[in-house]
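> Pasting a structure below so you can have a look.
Please treat every number below as a calculation from the coordinates, not as lab data. Computed from a predicted model, the values in this text were never measured in an experiment. As a convention, Cβ positions derive from the backbone with ideal geometry for all residues, glycine included, and neighbour counts pool all protein chains shown.
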Amino acid sequence: MLRSKILEFLRATVLFLAILVLFSCSSPQRSELAKDMRTGNNSWLMDPVQGRGKLVALTSYGSTSYFNYRGQPLGYQYDLLRSFADYLGVELEIVVNNSVEGAFTDLLDGDCDLIAQDLTVTSARKQRVDFSNPFGQTRQVLVQRKPDHRNIPGYQSATEQGLVRNPAHLAHKTIHIQANTFLVEQLHRLQRGIGDTIYIVVEPEKTAEDLIKMVASGEISYTVCDEQIASINRHYYPDIDVATPVSFYQNVAWAVRKDSPVLLDAINSWLEETRPDSANQLVSRKYFTAPLRAPVKESVKQTAYRGMISVFDDIIKEQSALLNWDWRLLASLIYEESTFNPVVRSRKGAFGLMQMMPQTMETFGIDTTSSPQDHIAAGVRFLQWLDKQLRYRVLDDDERVKFVLAAYNVGIAHIYDAMRLAEKYGRDPAVWTDNVDYFILNKSDPFFYTDSVVQYGYARGEEPYQFVGDVFARYDYYRGIGR
């Protein structure tokens, strides 16, 4: 009995001394412990991430952070988190909170291990959490609509007429901003700097992307947001201007609790080791320098000439029969995806005539070396699979084609979500136009993507909504040419 108590006391003492050593280590020593954590040494005893074999990371839904695209999770923050979890040799669990203040609350309450967002490092925030080394720098920019100069005689495209370029000219302007951010404080500083009034409207139910969309539609005149978010959205809304900065550059980083020194050092070690191969820069370019889909849209009337739509017409005719589709509808889909370029690759990884993602290509037995004929055949098998999934939910054959096209573009999970929303809000879940299409269009709105019936979160719904319309518009034209 005495020997047992002595052994128990010694074990407790050793553990206590180990903890003391951890918190007395210099930064380089803690970094060594962080490396041990991922290579299997006993320092996992001091860190819950390695102990449970899982990293719980909080991020937000959005086109620059985390979203589901064609059945695969993607996003700048998601890709970085996946890389970091692989570095540690642990599983990754994503939790989502689009409220900045809510994210800090979840972190401090222990509901996650870290916040993976483009958090601007401020003195006030450093009192609450510890920040990793910077991932980069960003600044806030003014989002405004480009003026319509079509009726101005002699207008040249290079003119800046009507755009705010000097922040001092924001006096007496109204700017709508996202709630629970430091933007209010920043705009108040700008107000004091210019010595005049800026009217600030805080939108508690809107995301930065919602406000950008409102500027693009003319619903509001101005918003201010992070430059990276503005940069990616200008690809979707070519009528917006994001070139006017309203702040200095500031560091952005991930955040952890102040009681997580080993995890913090692991993040910093990972950043240090990945920077030489430019991994972070590659991920950044993937999301911020091009829109989601690679092909540049051209006129509906492009490609059709003397009864031919493309050099792949014979293959498309043969394969479309398996779908029971008019071959010109399939041709329109292929043009929309790839402009008939058999080797085009999007920055998200979709490849070829049918722009299939790597995981989908593997499922249907093709890769980037497969022939154009095999790519079209695989795409048709995928369309058949989507049709089969929807057959008992959308009974009308013609109507179901619209659902299949939308599912091909954005992933069937988001279409199921939109159908559930339609049913909940009194629309017909088996009819696309003015019913389900309304909810897929609005699936970037937090009011809808946080609804209790939604299982797959945020989607940039403008894409599938526009995709269906564009495919059918081009199909109508093709029907007058190809036979």
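> Full-extension gain between Gln137 and His172, please, as 0.36 nm times their residue separation minus the C-alpha to C-alpha distance.
9.6 nm
> Mind ranking 82-90, 105-113, 58-66 by how tightly packed they are, going by the mean number of other C-beta atoms within 10 angstrom, highest first?
Listed from highest to lowest mean packing, they are 58-66, 82-90, 105-113.
> Which aspartates and glutamates, if any, have their Cα less than 17 Å from the Cα of Lys402, not counting same-chain residues under 8 positions apart?
Asp326, Glu336, Glu337, Asp387, Asp417, Asp428, Asp434, Asp437, Glu462, Glu463, Asp470, Asp476
> Please report the base-10 log of the normalised intensity I(q)/I(0) for segment 329-483, using a Debye sum with one equal scatterer per alpha carbon and no solvent, at each q in 0.20 (1/Å).
Debye curve over Cα of segment 329-483, log10 I(q)/I(0) at q = 0.20 Å⁻¹: -1.28.
> Around Leu81, what is the net charge, scoring Lys/Arg as +1 and Asp/Glu as -1 over all other residues with Cβ under 14 Å from its Cβ?
Once positives and negatives cancel, what remains is -4.
> Can you give the translational diffusion coefficient of segment 304-389 in µm²/s, computed by Stokes-Einstein from the Kirkwood radius over Cα pairs at 37 °C and 0.692 mPa s?
Estimated diffusion coefficient is 254 µm²/s.
> Using R₀ = 56 Å, calculate the FRET efficiency as 1/(1 + (r/R₀)^6) where r is the Cβ-Cβ separation of Arg192 and Glu91; round to 0.05.
The calculated FRET efficiency here is 0.70.
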